[in-house]
Structure formats: C-alpha cells, structure tokens
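J.: The structure's right below; bear with me while I get my questions together.
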Amino acid sequence: MRKILFASSEVYPLIKTGGLADVSASLPIALQQHGEDVRIVLPAYRQCLEALGEINTIAEIKLDGFHMPVEILQSTLPDSDVILWLINSPHHFDRDGGPYGNHSDGDWPDNAARFALFSRAIAAIAMNQLGLDWQADVLHCNDWQTGLAPALLSQYADRPKTVFTIHNLAYQGLYSRDVFDSLDLDADTFWHSEGLEFYDQLSFMKGGLSYADHVTTVSPTYAQEICGYEFGYGLEGLLSYRAEQGRLTGIINGIDEQEWNPETDPYINQTFSTKKLKNKLKNKAALQQHFLLPVKEQSLVLGLISRLVAQKGIDLTLEAIAHILEAGANIQLVCLGSGEPDFEHDLRVLRARFPDKVAIHIGYDEALAHQIEAGADVFLMPSRFEPCGLNQLYSLRYGTLPLVRNTGGLADTIVDATEDNRRDETANGFKFEKSNSEELEQTIYRAIDMHQRPRIWRKMMITAMAQDVSWENSASSYQALYDNLA
Ligand code: ADP
Ligand code: GLC
C-alpha cells in the first residue's frame, strides 16, 4: 500500500470556498478505494474543529520560524474512514471568518505566516519527523497555500516524491521580500528566479512549480493554456519548461457521485433518473415556486451557481441576460452566489428590473445549489478561464445542459449541440468561443430554440446524464503518475 499525504487548505464538508474543497475530499476517497493509504492534512480552522466529532492530539512540534509549538490533531473525514490530520495553531487558525479572510476586510494580513506554518508542518509530517510512524511515499500538494512544502522538502535527500496540483493559477500567494525574510527561509537557497522569487516577490506558487517532482493541473486544456501568455501570468516560461520535461500533466477532476446523485439526492423535491425524466420537471416547478417566479414549464430556466468574480464571466451574463429579457424572450434566470460587491449589486439591479424573470440568492447555500442543479434546464458557465469546473459536471449528472465558454475543463467536458454532434449523439450542452456578451447571447438563443424541440433536448439530457464524470479514470491517472515519479 502506497502512503500518500494529501495537503490542502480546504476540504468539503469542513471548510469550502470553491471546487478545491470538493476535490480535496472526493479524490482522497477515490484513491483510498483504489487501494492507496491516504492521509489528508488541513489547517485546524475554527469551523473544522466545531464540525468534527472526535479529535485526538497525536503529536506536537516546534517549527522553524515560529515561536509556539503546533499540535497535530487526528480525526476522520466525515462520511468516510480517510484519516484527517489538522495543524492546530490557534493563533493562526482559530478565528471567525473564512480560510483566507473575511467578507468585509478581504484577505487576512498574516496569510503568508499562516500558510508558511502550514507548509512547514506538512513538510515535517512528510519527513516523518513527528513520531507518527507513517512515512509518506508521495506528498501531494494543492494550490499556493501548500506551495512552500515541496520547496522545503527539496532540501532532503531521503524525501518522499512530490506532486503539486494547480487548481487556479490566478491565485499565487505573492508577498514582499520583507515577508520572505520574516519567514526564516534561507535566501541563498530560495531567493532566485529558479526558486521562490518572482520579479522581486516571494511566490508561494513557485514553491510548487519549481520544486515539485511533477506538476499537474485539473484539465488537459488548462495544462496547455497556462503555458501561454494569456493564462500563464508570467509563469508560462517555467510551466512550458516543466511541460517539455514531461513534468506537467492535466488530469480532469471527477465528482463525488454519492453527494451529487439525482436518484438519491435528499435536498431535491423529486429524485429522478434517465428513466424518470418527468420528475425533473417537478424540480423545475419547485425551484420556480421557491424563488416566487411564475411556474411555467415552457420558460427556459437558466441556473447559475458561482463565486461572483470576473473569472466566471458574471459581467457577460448580466449584459447578455438584460438584452435577452429586453427583447422579451421566455427565459428565467436563477442565480446563487457571493463574491465581489459590484456583481452582487448589479445582479440585484437586474432582478429589480425583471422581478418575474430573475431570481437571486446572495450567499452560500449547499441545499439550494442542489435544487438549482435539479430544477434548471440550462447551467450557465461563461467563464473567461476555468481550470476544470465542477458545476458543469454536476449539471451533466442532473440533465441540466451546460452552456459554457470553450476554455479549460469546460472545453474538455462539454460537446456543443451542433448538428453533427447531435446526429452522433455526443452533444451534451452549448459552447461558445469568445469572451463577449454577444456570443453568449447568441448561444443562449440557440438554447432557447433547441428547447422548442423536446425530442432533441431529451436526447441531449440523456447523453449528458450517461457521461462518466466519476473519479474512476482520473484516480487511475494519478496512480499511474505516482508510479512513474522520478
Ligand atoms: P471554483 O472552484 O472556481 O469556484 P468549481 O466549479 O470548481 O469553481 O467549484 C465551485 C464549487 O462551489 C461547486 O461545488 C459549487 O456548487 C460551489 N459553489 C459556488 N458558489 C456557491 C454558493 N453560493 N452556494 C453553494 N455552493 C456554491
Ligand atoms: C479551482 C478552479 C476550478 C476547479 C477547482 C477544483 O477553484 O477555479 O475550475 O474546478 O479549482 O480543481
């Protein structure tokens, strides 16, 4: 049994801001089912300690650069038997608010110290320095919050192999030289352009990109996109180099098929399947009722569940929907999200203009997310970039046809409803190329037209629902990668 230490700054259902949390629970579970011995390591945020049942303190360690020792707590990931190790440093993690900041004040000012501490603890566990009698074979890190761990491990000859997965290159953990100096990192070793330095700044992300034995990201298309100027954010040279070495791979995410299963989903009005598709309409009616929209079967209901940030093309959606509603088309928009105040405000304005066509819920609501997936006809994801995207995968499972921009994981999972693709029964959604509201608008009109043709629509729903979005293949791809780490 191979020992894999899986490090992440968010894990569903304990703490979540986005898809990273979903993947950090469902991938370890899938790997364990594939015969690996996986331990998850996560900061002991206040919410996590409150949510978990039994927790034991199993070790304590003093880490370089930090005055107080930290404790390692042990529990299990809810609804699984995957062991969870929590890094307990109350000064850093026991506070109200999100994992990276709180809504009103933005990022926590001590994030560099918080995640340097987390990375140091990960490295110590990976090197079996805590007397836990568990020597990792592979350390699998995720996103910038864990980026210093592969850098720290690179200093040991007898270290485990390291994998670093990029879930979103837009968030890099960039800090000043002063911050670097405060973290007790050796400048001769790390402060250079092939190390952690990025144009005179400390880059946590580069800890993963420069030092991990292998870098992965969450779709094959995004793996290519980040090697180019538009999505590389200045790291495209390094990433192209890693790709040339054969050390950059794109592996598409899977989903937790128990959590997102229309046949058993406890949150939705009526469970359904390809054999009981009529029940999906009951969810549509329930959704319209919930949001006090006119209950009309003929209206095309567009769902949107998202962090409200520019990445997700929220501005394009606002423009396109306003235009389409001005023209009097028979659609309804149901939107669940939170994020940038400007987008929240603009959505409220749109609802005020079209109260019987637009419904919004600002906030985070897991149950409502399931109800929208179940009740909507179309799921909107006009992202500017999308490393993988999980919501389009949930949508496929619920027969809610994704309408997406052709980028990243959306490009790899969605097949446009062209005539050819419909004929060979591969079409499972709608796709457009350019990030502009005109193309989005035209594509929504294509969906409106197609919705008038129930037989075709039904066929597309069945194709979508039959698509394999499980972890089966992707977990095997990670195992093959662990096998071949050099
Ligand atoms: P990202 O990680 O970039 O936000 P993903 O599509 O990978 O995008 O994952 C987003 C996850 O967060 C999904 O599980 C989605 O359902 C969830 N989500 C986003 N916003 C909300 C919200 N307001 N309420 C409930 N779930 C949300
Ligand atoms: C990031 C990406 C998203 C991806 C998720 C999980 O948050 O923005 O596209 O699905 O990570 O890998």
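J.: Within the range 260-274, which residues have the backbone N less than 12 Å from the label spot 7 Å out from His290 along Cα→beta-carbon, could you tell me?
T.: Label zone hits: 266-270.
J.: Summing +1 for each Lys or Arg and -1 for each Asp or Glu, what net charge is found among the other residues whose Cβ lies under 11 Å from the Cβ of Leu485? Mind dumping the intermediate values first?
T.: On the way: positive: Arg2, Lys161, Arg247; negative: Asp137, Asp213, Asp483.
Result for the local shell: 0.
J.: Take the alpha carbon gyration tensor of the range 274-466, find the square roots of its eigenvalues, order them as a ≥ b ≥ c, and report rounded if a/c is under 1.5; if not, report prolate when a/b exceeds b/c, else oblate. Intermediate results must be reported in sequence, preceding the final value.
T.: On the way: a/c = 1.42, a/b = 1.18, b/c = 1.20.
In terms of gyration-tensor shape, rounded.
J.: Could you tell me the relative contact order of the range 274-466? Use alpha-carbon pairs under 8 Å, at least six residues apart, and round to a whole percent. Please report the intermediate quantities before stating the final value.
T.: On the way: 349 pairs, mean separation 41.8, N = 193.
Once divided by the residue count of the range 274-466, the mean separation gives 22 percent.
J.: Length gain on complete extension for the stretch Glu263 to Asp137, per 0.36 nm per residue less the alpha carbon to alpha carbon distance?
T.: Working: separation 126, 0.36 × 126 = 45.36 nm, distance 3.82 nm.
Separation in residues times 0.36 nm, less the Cα-Cα distance, equals 41.5 nm.
J.: Which helices count as membrane-span-like in the chain under these terms: full DSSP H, at least 20 Å along the axis by C-alpha, Kyte-Doolittle mean of 1.0 or more?
T.: Flagged H segments are 111-126.
J.: Next question, about the same structure. What is the gain in length, in nm to one decimal, between His103 and Arg348 on full extension, counting 0.36 nm per residue of separation less the C-alpha to C-alpha distance?
T.: Details: separation 245, 0.36 × 245 = 88.20 nm, distance 1.83 nm.
Stretched out fully, the His103 to Arg348 stretch lengthens by 86.4 nm.
J.: For the chain, what does the relative contact order come out to in percent, with C-alpha contacts under 8 Å and a separation of six or more?
T.: Details: 968 pairs, mean separation 57.6, N = 486.
Value for the chain: 12 percent.
J.: What ranking of Glu438, Glu259, Glu54 emerges when the number of other C-beta atoms within 10 Å of each C-beta is taken as an exposure proxy, fewest first?
T.: Values: Glu438 13, Glu259 17, Glu54 7.
Result, fewest neighbours first: Glu54, Glu438, Glu259.
J.: Also, quick follow-up: For a quick check: with amide H placed at 1.01 Å from N, whose amide H comes under 5 Å from Phe198's, ignoring anything fewer than 5 positions away on the same chain?
T.: Ser203
J.: Still on this structure, please answer the following. Quick one: how many lysine pairs does the range 274-466 have with C-alpha atoms less than 22 Å apart and a gap of 8 or more or different chains? Give me the count, please.
T.: 22
J.: Counting only other residues whose beta carbon sits under 9 Å from that of Gly337, what net charge do I get with K and R as +1, D and E as -1? Display every interim value, and only then the final one.
T.: Values: positive: Arg307, Lys312; negative: Glu344.
Charge balance in the 9 Å sphere: +1.
J.: Can you put His361, His345 in order, fewest other beta carbons within 10 Å first? Spell out each step's value before the answer.
T.: Working: His361 18, His345 11.
With the sparsest Cβ surroundings first, the list reads His345, His361.
J.: Roughly how many Å is it from the Cα centre of the range 265-311 to that of the range 111-189, as a whole number?
T.: Computed from Cα coordinates, the inter-centre distance equals 43 Å.
J.: Rank the residues Ile251, Ile456, Ile362 as a footprinting-exposure proxy: fewest other Cβ atoms within 10 Å of their Cβ go first.
T.: Ascending number of Cβ neighbours within 10 Å: Ile456, Ile362, Ile251.
Taken together, the values in this text are just the output of simple stated rules run on the coordinates, not laboratory data. For clarity, every value in this text was computed on a predicted model and none was experimentally measured. We place every Cβ from the backbone using ideal geometry, glycine too, and count neighbours over all the protein chains shown.
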